[in-house]
Amino acid sequence: MTNELIKNLRNSLHGKLVLPTDAEYDTVRKVYNGMIDKRPGMIAQCTDVQDVINSLNFAKENNILLAVRGGGHNAGGLGIADDALVIDLSPMKEIKVDTASKTVKVQGGCLLKERDAATHEVGMTVPAGIFGTTGVAGLTLGGGLGYMTRQYGLSIDNLLEAEVVLANGNQVKASAKENTDLFWALRGGGGNFGIVVSFLFKLCPAHTVYGGPMLWPVSDTKEMLTWYHNFISKAPDNVYGFFATLTVPPVAPFPEHLHLKKMCGVVWCYTGDMDEAEEVFKPIRAVKTPALDFVGPIPVPALQTLFDGLYPPGLLWYWKADYVKDLPEAAIDVHVKYGNELPTPLSSMHMYPVNGAASRVGKNETAWNYRDANYAVVIVGIDPDQSNKDKIINWARDYWNAHRPHSAGGAYINFMMDEGEDRIKATYGDNYKKLAEIKAKYDPNNLFRVNQNIKPQKAAAGAIA
Ligand SMILES: Cc1cc2nc3c(=O)[nH]c(=O)nc-3n(C[C@H](O)[C@H](O)[C@H](O)COP(=O)(O)OP(=O)(O)OC[C@H]3O[C@@H](n4cnc5c(N)ncnc54)[C@H](O)[C@@H]3O)c2cc1C
């Protein structure tokens, strides 16, 4: 790459082009997961759509690997890659709430907490994840699970339109009316089909919910997980709770006698009538007196950022995941065993219910195929210390291997690191063929391949790039 070419790209951008020789390079190339240490060739910090198009064309003309970064939270660090030109959308953060149409339009660099803050002002939300620091873009394109999944569905179930820069450098809209095949593929197919510069979402009513963590000693895992499974399978859509095994952080506001104790628990989010919340939770609290009960009225943005401070960027995260349809006693026993053996205080297992509204969308209506799963299970070994890397990896792998007989086959792509093509195919099931064909139409040369990659299935006659 000549200096002249780099200068041309730099001059064509409104945003900054960061190179390995720049002082800020090591800060800018960092992603959330401290286990990822990649060295891109250049990072284009795009401030507008023209920057995105210019950078994409530059990568193509000079045959440089292209990576696209939204919030930088991807499990496998797929927002960056060695030697790549990174299209970094993080400066693109415009948010427009429209109360008349009950929609919010956000640019591709927004974080969940930024969108939540804007929609909260009008008493609305968009169903999304449980950490405010996660990027709207990557989370949405993979599906988008969170506290509102049972009530309002996945993030993609509330996506109305996306503005996309395609591999050919053109900008198009994808919606139920325009480029409908692209719209179908974007809803679960990840970053395979183009660079989404903005998303238009439907707003859902939710201002203050009744939520927070309720914990029991880890020795109660078998009893509580058995109860939870029966409960959440039949609960009304407005009662959400994900099950977890975890260690109580040794900080306020957690009571000192519980510090560093292994626990099991549920993090709740009830979106129904606040006047009825105490009544709804009476039978839940009566099952077994919780050792810790922080459940109460809480504004949506506060619930959706509850864990942000406990998990700052830069920790080592090793992820394994699976979708699960049922929870037989043998599967519960696996969770009991590995919940008791959490390798480090930050390591955890989360079991996110995906029943309720999310399960009432057809398997083939969007690319997100596991509409008949009941849970997305994620096992994460987490620690700040490099010397504990093997420990967290081994625990997560052993746990996942023991859990495999109970897997529905695939896993949520946003919870996967590098697991290979077979796993990706298993995740998309009978939607994979259609995804590969749409990929061939919109990205026949696989320009967008730093992702859970869907290979184009032979450039179709109608390929447009
Ligand atoms: C702490 C933490 C908590 C999480 N909690 C949840 C949760 O509650 N629910 C949930 O569903 N997921 C959750 N996730 C997973 C999360 O959805 C994925 O990590 C997701 O990939 C993050 O998106 P991002 O934009 O931050 O990531 P990035 O690393 O920036 O990008 C991820 C992928 O998306 C592609 N991409 C990013 N932006 C664009 C764009 N604008 N156009 C096209 N492609 C793009 C990238 O190329 C890459 O392949 C969590 C992750 C973390 C680390």
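Miscellaneous remarks
- Mean projected area in nm² (Cα convex hull; one quarter of hull surface) for region 1-57: 4.4 nm²
- Here the dipole of region 321-457 is about 560 debye; that uses its Cα centre as origin and unit charges on the Cβ of Lys and Arg (positive) and Asp and Glu (negative).
- The chain: calculated mean residue ellipticity at 222 nm from DSSP helix runs of at least 4, using -39500 (n - 2.57): -8000 deg cm²/dmol
- Linear extension gain, residue 37 paired with residue 364, 0.36 nm per residue minus alpha-carbon span: 114.0 nm
- Since only 290, 387, 301 are under comparison, the one whose Cα sits farthest along the positive direction of the charge dipole of the chain, derived from C-beta charges on Lys, Arg, Asp and Glu, is 387.
- Amide N of region 307-325 lying under 17 Å from the label point, which is placed 7 angstrom from the Cα of residue 259 along Cα→Cβ: 310
- Principal-axis tilt of helix 3-12 within the chain, Cα atoms, nearest 10 degrees: 70 degrees
- Dipole of the chain, positive end: most advanced residue of 330, 168, 229 [Cβ charges, Cα centre]: 168
- Taken over the alpha carbons of region 339-421 as equal point scatterers, the Debye sum produces base-10 log I(q)/I(0) values at 0.12, 0.16, 0.24 Å⁻¹ of -0.43, -0.71, -1.22.
- Estimated inter-spin distance, residue 446 and residue 326, nm [label 7 Å along Cα→Cβ]: 3.8 nm
- For the chain, the solvent-accessible area works out to 38 Å² per residue, with a probe of 1.4 Å and every protein chain left in place.
- Protein accessible area in region 82-222, 1.4 Å probe - carbon and sulfur %: 49 percent
- For region 1-100: rounded, prolate or oblate by the Cα gyration tensor [a/c cutoff 1.5]: oblate
- Per-residue 3J(HN,Hα) values for region 154-165, derived from phi via the Karplus relation 6.51 cos²θ - 1.76 cosθ + 1.60 with θ = phi - 60°, read 6, 4, 5, 6, 10, 8, 9, 7, 9, 9, 10, 8 Hz in sequence order (x marks Gly and Pro).
- For residue 446, neighbours were defined as the other residues whose beta-carbon sits under 13 Å from its Cβ, and their charges (Lys and Arg +1, Asp and Glu -1) total +4.
- Percent of Cα pairs exceeding the 23 Å cut-off, where the set is region 65-212: 30 percent
- Around the amide H of residue 240, modelled in the peptide plane, lie the amide H atoms of 269, 270, 271, all under 5 Å away and 5 or more residues distant in sequence or on another chain.
- Take each peptide in 367-373, 389-395, 79-85, count the other Cβ atoms within 10 Å of every residue, and average; sorted highest first, the result is 367-373, 79-85, 389-395.
- Estimated inter-spin distance, residue 289 and residue 176, nm [label 7 Å along Cα→Cβ]: 5.1 nm
- On Cα atoms only, tilt of 389-403 relative to the major axis of the chain in degrees: 70 degrees
- In nm, spacing of pseudo-spin labels at residue 21 and residue 2 (7 Å Cα→C-beta vector): 1.6 nm
- Charge dipole (Cα centre; +1 on Lys/Arg Cβ, -1 on Asp/Glu Cβ; no other charges) of the chain amounts to roughly 820 debye.
- Mean Cα-pair separation over length for the chain, i.e. relative contact order, pairs under 8 Å, 6 or more apart, %: 16 percent
- Under Karplus coefficients 6.51, -1.76 and 1.60, residue-wise ³J(HN,Hα) of region 430-442 in Hz, glycine/proline x: 6, 8, 5, 4, 5, 4, 5, 6, 5, 4, 5, 6, 9
- Degrees separating the helix 49-61 axis from the principal Cα axis of the chain, which is the longest one: 70 degrees
- Projecting the Cα positions of 68, 54, 149 onto the charge dipole of region 1-158 (unit charges on Cβ atoms of Lys, Arg, Asp and Glu, taken about the Cα centre) puts 149 furthest along the positive direction.
- Nonlocal amide H pairs with residue 354, under 5 Å, H built at 1.01 Å: 375, 376
- Selection of GluC sites (Glu not before Pro), region 1-89, meeting DSSP coil and at most 12 other Cβ within 10 Å: 24
- Per residue, the average separation of C-alpha pairs within less than 8 Å and at least 6 apart gives region 1-156 a relative contact order of 17 percent.
- Subtracting the Cα-Cα distance of residue 402 and residue 62 from their residue separation scaled by 0.36 nm leaves 117.8 nm.
- Amide H contacts of residue 47 (H built 1.01 Å from N, in plane; Pro and chain starts excluded): 14, 15 sit under 5 Å, all sequence-distant by 5 or more or on other chains.
- Principal axes of the chain: Cα extent on each, largest first, Å: 68, 51, 41
- Net length gained if the chain between residue 279 and residue 393 were fully extended (0.36 nm per residue, minus Cα distance): 36.8 nm
The values are calculated or read from the model by the stated rules, or taken from the named source; none is laboratory data. Small disclaimer: the values here were computed from a predicted structure and weren't measured. Heads up, the Cβs are rebuilt from the backbone with ideal geometry, glycines too, and the neighbour counts pull from every protein chain shown. Please note that ligands, DNA and RNA were not included when accessible areas were found on the heavy atoms of the full protein model with its side chains. Shrake-Rupley method; radii C 1.70, N 1.55, O 1.52, S 1.80 Å.
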